[in-house]
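Nothing in this text is a laboratory measurement; each read-out follows from the coordinates by a stated rule. Keep in mind that what you see is a predicted model, and the values were worked out from it rather than measured. Cβ atoms come from the backbone with ideal geometry, glycine included; neighbour counts cover every protein chain shown.
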């Protein structure tokens, strides 16, 4: 019987080298995105209340929806006043903040147009 030849495989040792990490830039970007998130949350609560008051006062929630849309416009203006540069923040972070505004303002608005609150 023929013997199988043992092949010696030369295994290269893989050495993982971590990439350069700029901690200062990371923290700066993280603090900026947290500030923008806080601005979005505060504006969402305020305009949720305003939309509920407008809708309840005028008797039609369509006017409250207009107030809700105006809040989104105010939020983008507030970002500009906060010194936001488009290069500093990721687009997905801004999309997340817009979705947070939409859902939080809608939640506050729906809560307040129901009977126990107003």
Calculated FRET value between residue 60 and residue 92, using beta carbons and R₀ = 35 Å, to 0.05:
0.45
Protection-proxy order for peptides 46-52, 64-70, each taking the mean of Cβ atoms within 10 Å per residue, highest first:
46-52, 64-70
Reciprocal mean inverse distance between Cα atoms of the chain - Kirkwood radius, Å
17.8 Å
How far is helix 91-113 tilted off the main Cα axis of the chain, in degrees rounded to 10, range 0 to 90?
40 degrees
Paramagnetic reach from residue 81 (point 7 Å along Cα→Cβ, amide N under 20 Å) across the stretch 14-35
32-35
Normalised contact order of the stretch 46-94, rounded percent, pairs of Cα under 8 Å and 6 or more residues apart:
27 percent
Need one number: nm distance between label points at residue 27 and residue 45, each 7 Å from Cα along Cα→Cβ, rounded to one decimal.
2.8 nm
Relative to the longest principal Cα axis of the chain, at what angle does helix 61-81 sit, 0 to 90 degrees, rounded to 10?
50 degrees
Pop a pseudo-label 7 angstrom from the Cα along the beta-carbon direction at both residue 16 and residue 38 and give the gap in nm to one decimal.
3.5 nm
Between the helical axis of 23-58 and the dominant principal axis of the chain, each derived from Cα atoms, what acute angle in degrees is found, rounded to the nearest 10?
30 degrees
